[in-house]
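Below you'll find the structure, written out as structure tokens, and then a few comments.
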Amino acid sequence: MTGVPLNIDWQQILLHLFNFTILFGALYILLYKPVKDFMTQREEHFAEMESKAGQALADAEKNKEEYEKKLSDFEEKSRDDRNQMSKEVEAERERRLGEVKSEAEKIIADARTQAEREKSEIIASAQKEISGMVTEATEKLALDQSASDAFDQFLDAAEEADHE
């Protein structure tokens with residue numbers, strides 16, 4: 001060992017290098033590779049979860065858009081239906097109002113006709129009563145004059161009888 005400067009033993013260095021390589025390989029196989037595989041699996045798992053979450057978010061956005069579209073379509077259809085119903089109700093109201101007005105006019109015309117008829121009957125009845133009353137009054141007047149004349153004759157006869 002005299003020819004080796006600084007007392008370096010190459011055999012010891014190679015053995016240490018060999019031990020280091022075995023230790024490095026064993027640590028790589030036992031620690032680094034499983035941890036690296038675990039980390040890769042975790043990254044893949046989280047990437048898959050993120051992908052699913054992104055897909056779920058995209059589906060939710062799509063469903064939200066569809067819902068909003070259906071809601072706006074429903075609101076528009078509902079508004080159109082309400083407008084149509086309002087128009088139908090207004091048309092029905094106008095039709096019924098026309099029917100009621102024509103029926104009211106007919107009732108008023110019938111009432112006027114009935115009133116005219118009753119008026120004519122009342123006037124005719126009143127004329128009959130008036131003519132009957134005039135006839136009675138005339139008869140009474142005639143009777144009163146005859147009774148008055150008979151009374152006058154009686155008085156005249158009584159006076160003559162007194163004078164005799």
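The values are calculated or read from the model by the stated rules, or taken from the named source; none is laboratory data. No experiment lies behind these values; they were computed from the predicted model shown. Cβ sites come from the backbone with ideal geometry, for glycine too, and all protein chains shown count toward neighbours.
Kindly indicate whether Tyr67 is assigned to a helix (DSSP H, G or I) and at pLDDT below 90. Steps first, please.
On the way: assigned to a helix (DSSP H, G or I): yes; at pLDDT below 90: no.
No.
Does Ile29 satisfy the condition of being of a type outside the set (Asp, Glu), on the phi < 0 side of the Ramachandran plot, at pLDDT below 95 and over 59 Å from the mean Cα position of the chain (by Cα)?
For Ile29, the condition - of a type outside the set (Asp, Glu), on the phi < 0 side of the Ramachandran plot, at pLDDT below 95 and over 59 Å from the mean Cα position of the chain (by Cα) - is met.
Part of a helix (DSSP H, G or I), at pLDDT 95 or above and over 60 Å from the mean Cα position of the chain (by Cα), is that true of Phe38? Let's see the steps before the verdict.
Working: part of a helix (DSSP H, G or I): yes; at pLDDT 95 or above: no; over 60 Å from the mean Cα position of the chain (by Cα): yes.
The answer is no for Phe38.
Go through (1) at pLDDT 90 or above; (2) surrounded by fewer than 10 Cβ atoms within 10 Å (Cβ to Cβ) for Pro5 and report which single condition fails.
Result: Pro5 passes all but (1).
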